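The values are calculated or read from the model by the stated rules, or taken from the named source; none is laboratory data. Note that the coordinates shown come from a computational prediction; the quantities given were computed from them, not determined experimentally. Cβ: placed from backbone, ideal geometry, glycine included. Neighbour counts: every protein chain shown. Side chains included, ligands, DNA and RNA excluded: accessible areas come from the protein's heavy atoms. Shrake-Rupley method; radii C 1.70, N 1.55, O 1.52, S 1.80 Å.
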Amino acid sequence: HSNHIEAYQLRGEAYFRLGEHDTAVTHFREGLKLDPEHKGCKFGHKAIKALQKKEKRANDALKAGNHEEAIGHWDAAIRLDPTHTAFIKPTLLNIIKSYSALSMHKEAIDTANKHLEMGETLDGLFALGDVQTAAENFEDAVNTFRKAMEFEPNDRQQECQQRLKKAEIALKQSKEKNYYKILGVPRTAPAKEVKKAYRDLALRWHPDKVKEEEKEEAEKKFQDISEAYEVLSDKEMREKYDRGESVFENQGGGHSHNPHGHQQFFRQFQHGGGGGGGGHGGQRMHFRFN
């Protein structure tokens, strides 16, 4: 009888350390059926349920789009047992994604580095490279994805190559005319966000809307804004641009626009013809099984 309970406790603890919490709970419950007051099984069961409760709150907040709240719950779950690596590592990846969604790039990068300090994995390197790209630290992103290419074992070489190429293109474009930067939108921005950014900037820099002394600057900015929108609002042109291909025949020597076309589009915005949508953008516990 006593040996059976000890076996359930040991298995419960082992499954907990592997991150298989539901299986661990099952073993602790089987032990408690034999002795409802068994300290080891009772403590283990209570500890896992406390962690799962915080994890559920985090996941619920994430589903509701509340990334800040989700991060708080995940952080609280991690603090329950800072030695529980099997739980902490995947949870840090979730935290990185939420920081990125909030455009908190420094925090996302710090968290990705923390994840890698616990042991390098492809998922960790991908997460770091992705947030470095989002933060426009393109050289760092290229170096991170090159490191991922050399990681062993690696059954995701194609994925590594795609990420590396994307970062290399972003690095190259950052030294040239960067259409995303001109419109002030991330490379992942949906069409609605691109359109809104164009509308706001066009209203600000339209040559007819500025003082005489700002006209020359406004004309240059308006042309760049229009060119950026022409590319990023066209699915085929945007895909070519994202692949690092030339989108205009004489790329590099400047692109000649029809200003009347852009001004006509701008007037549609003024009269409600487009551009809708979108905004801008406890106590520390350590689980010790006795």
What is the one condition in (1) under 16 Å from the mean Cα position of the chain (by Cα); (2) open to solvent by less than 20 Å² (accessible area, probe 1.4 Å) that residue 123 does not satisfy?
(2)
Flag for residue 213 being open to solvent by 60 Å² or more (accessible area, probe 1.4 Å), touching a Pro at 6+ places or on another chain (Cβ under 6 Å) and not in a loop (DSSP other than H, G, I, E, B)
no
Note on segment 136-157: residues open to solvent by 30 Å² or more (accessible area, probe 1.4 Å) and either under 19 Å from the mean Cα position of the chain (by Cα) or among the hydroxyl-bearing types (Ser, Thr, Tyr) (or both) are 136, 137, 139, 140, 143
